[in-house]
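Dropping a structure here in structure tokens format, bear with me for questions.
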Amino acid sequence: MANQYPGPPPEQPPGQNPYSGPSSGPYAEGGYGYPQAVPPQPQSYPQAQVPYSAPMLTLGDIAINGDTIVSPAGPMPLRGAVWTATDMSRTEERIPPHAIVLAVVFFLLCFVGLLFLLMKERVTTGFVQVSVNSGGRHHSTMIPVQSREQVVYVLNQVTYAQSISM
């Protein structure tokens, strides 16, 4: 078997790493595949550190943190904020599929199976839109809901946000 590791290529002097970049020539200052010189870092100025605290209330992507409302539109003052909630959900009442199957099966046995058609289920789908205006900024978010209890919960959170922003 031939020598597996033959050593440096013939044009490399022995003792020099064949995989290092060239020490002179047009590619000596670095290029693709070779380490670049580290650019000087700009001088950073100390910034005021705002102490982080857990948000008191979160509505979608809107959070109330101390006396500030934090949203993607930017920070807004809590004092004097105007909150608006719009219920954009809908509730449907329908006969569930399993009730129809049971009615058909028991109708063949006796007429009592028709009572299964009296079964109803309520399905709520949609969103609650929450908007806030404060400090010349406006932000609106849509919160998905799947039940009437979730709608009431979001509306109660908006009522709480209104009460602490007075």
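The values are calculated or read from the model by the stated rules, or taken from the named source; none is laboratory data. Keep in mind that this is a model prediction, so the values were computed, not measured. What goes into the accessible areas is simple: the full protein's heavy atoms, side chains included, and nothing from ligands, DNA or RNA. Shrake-Rupley method; radii C 1.70, N 1.55, O 1.52, S 1.80 Å.
Send over a whole-number figure in Å² for the accessible area per residue of the stretch 83-166, probe 1.4 Å.
Counting only protein heavy atoms, the per-residue value for the stretch 83-166 is 66 Å².
Counting only protein heavy atoms, what percent of the accessible surface of the stretch 86-136 is carbon or sulfur at a 1.4 Å probe?
Looking at the stretch 86-136 in its full context, I get 68 percent from C and S.
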